[in-house]
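Below: one structure, written as structure tokens.
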Amino acid sequence: MRLAAAFPAVLSTLLAVFAPSNVFAANGFTGTCATWSGSGTTLQATCSAINGTQITSTLNLNNCFTNTQGILGFQVNGNFAGSCTKIAHNAGNNRHGDEAWLSALCSAGNGKQFDTAIATNTYIGNSNGVLAC
Ligand SMILES: *[C@@H]1O[C@H](CO)[C@@H](O)[C@H](O)[C@H]1NC(C)=O
């Protein structure tokens, strides 16, 4: 649980909402998605459905993240790309133990811009083979 320390309230809320009904919570996609890659605001991954089928899906990261004064954070329909450039999501492979990151250069609203990044595995999950946040 390397991410639990930073956001215990958010994590426990997510677990409370999603864990009872489904083994796949809305976090931890890298645990059940074999590979992932990014292109602009689109994250693509190949993930296991509950029946074991491998499904490739995409997720618009604007649906999940916002820019608050130069810092990326989780927010449904946050539309971070409206005020960020140099948007990139790394490619990875869970068999290699890779971590998943979204990075961008984001405006702080005062003329300054910050290089910022967020661990997408904290907020994106595998919902029966389909990426979801
Ligand atoms: C497995 O589940 C997925 C997602 O619900 C579905 O699309 C697929 O048809 C299922 N495959 C089999 C063999 O049941």
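Per the listing ALA104, ALA100, ALA132, ALA81, the residue uniquely more than 16 Å from the ligand (Cβ to nearest atom), closer than 30 Å to GLY52 by Cβ and crowded, with 17+ Cβ neighbours inside 10 Å is ALA100.
Residues in the range 98-123 that are β-branched (Val, Ile, Thr) and assigned to a strand (DSSP E or B): THR116, ILE118. Let me confirm something: among ASN93, ASN67, which residue is away from the ligand (no atom under 16 Å from the Cβ) and surrounded by fewer than 19 Cβ atoms within 10 Å (Cβ to Cβ)? After ruling out the rest, the residue left standing is ASN93. For first residues located in the range 30-58 and within 17 Å of ARG95 (Cα to Cα), partners that are within 16 Å of the ligand (Cβ to nearest atom) and in a helix (DSSP H, G or I) and lie 6+ apart or on another chain with Cβ distances below 8 Å form the pairs TRP36/PHE29; ALA45/PHE29; CYS47/PHE29. For the range 98-126, filtering for residues that are of a type outside the set (Val, Ile, Thr), more than 8 Å from the chain's Cα centre (by Cα) and modelled with pLDDT of 95 or more leaves 14. Among the residues of the range 74-84, not a single one is in a strand (DSSP E or B) and among the polar types (S, T, N, Q).
The values are calculated or read from the model by the stated rules, or taken from the named source; none is laboratory data. Everything quoted here is computed from the prediction, not taken from an experiment. Here the Cβ is made from the backbone with ideal geometry for all residues, glycine too, and neighbour counts use every protein chain on show.
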